Amino acid sequence: MRWLRSTLEGAGLHRVGVSGFLSGLILLSGFVGYAMFLASKVAALAVFATLGLVGLGFEALALIAKNRRSELIKAWPEVVDSMSSAVSAGISIPEAFDALAQRGPMRFRQAFAGFNRRLDSGWSNLDSLDWLKSQFGEAHSDRLIELLRLSSLNGGEGLAPALKAQSKQLREDLLLIGQLESKQSWVAGTAKLAVAAPWIIVALLSSRPENAAIYNTSNGSAVLLVGFIVSLGAYRLIHVMAVLPQQPRVFG
């Protein structure tokens, strides 16, 4: 559940919640599986289609979160540099966030404005930082927010040099991530397409009554079951070998 909650935050769907996402995904998958059964009359294929769509839903969520996090990361150095300049000039954190809400990157303005609104409405600084953290759902933003949290607890000592060091480290991370992703993204995408292709063929074949009759036998169902297990193992192998691990959240 922690992974799902973190991924929902990364995708900007924190308001949906874990229970809402799972309920919607199960209902949608069940409906599509039922439609598959009506179209093909193959019960086993409908069951495996339902399970596959559940997995596809998680895959789509992870992809949305990855793309959104990538967009946030690219704009994040500007935020850290702005915070560093503000702290060096003696500007308070809420004032720095207010400036970012007006003139910062467009992707961040609403979140920073929401942070200041919560402070003005009586939220504590730490609670407001927790809320801001849930808006981004990304490791690099976690680092800045946890740094601000520590600074709030110890009176702001050492914040300016820490922000400068974080800005430098962030740019180095972005350079490395860009180089790695450019080399492996097409490999993982092609492999996932290869896993899905046989099931597309099975769905097309089952549209013919004679093929559907064969798939509805015990032997036909066994073949589909073995194929599903092999596909599941191949999909897991892709994630183990061909997908770059995401940077871990900081107390996320």
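A few points about this structure:
- Only Lys, Arg (+1) and Asp, Glu (-1) charged, at Cβ; the chain dipole about Cα centre in debye: 400 debye
- Calculated FRET efficiency, ARG117 to SER207, Cβ-Cβ distance, R0 = 51 Å: about 0.40 to the nearest 0.05.
- Under 19 Å from LYS192, Cα to Cα: lysines that are on another chain or at least 8 residues apart: LYS66, LYS183
- Cα-projected label distance for MET106 with GLN184, points at 7 Å along beta-carbon direction, nm: 3.2 nm
- Hydrophobic, long helices, defined as DSSP H runs whose alpha-carbon span along the helix axis is 18 Å or greater and whose mean Kyte-Doolittle value is at least -1.0, occur in the chain at 17-40, 43-88, 106-120, 139-154, 159-205, 218-241.
- Set of aspartates and glutamates with alpha-carbon distance to LYS74 below 17 Å, sequence-local pairs under 8 removed: GLU138, ASP142, GLU172, ASP173, GLU181
- Size of electric dipole in the stretch 75-172: Cβ of Lys, Arg +1 and of Asp, Glu -1, about Cα centre, debye, nearest 20: 200 debye
- Dipole of the chain, positive direction: furthest Cα of GLY158, HIS140, ALA43, with charges on the beta-carbon: ALA43
- Backbone amide hydrogens, once placed in the peptide plane, bring ALA11 within less than 5 Å of nothing, excluding anything fewer than 5 places away on its chain.
- Extension gain, ILE26 back to LYS164 (0.36 nm per residue minus Cα-Cα distance, nm): 45.1 nm
Rule-based calculations on the coordinates, nothing more; no lab input. Keep in mind that this is a model prediction, so the values were computed, not measured. Glycine gets a Cβ as well: all are built from the backbone with ideal geometry, and neighbour counts include every protein chain shown.
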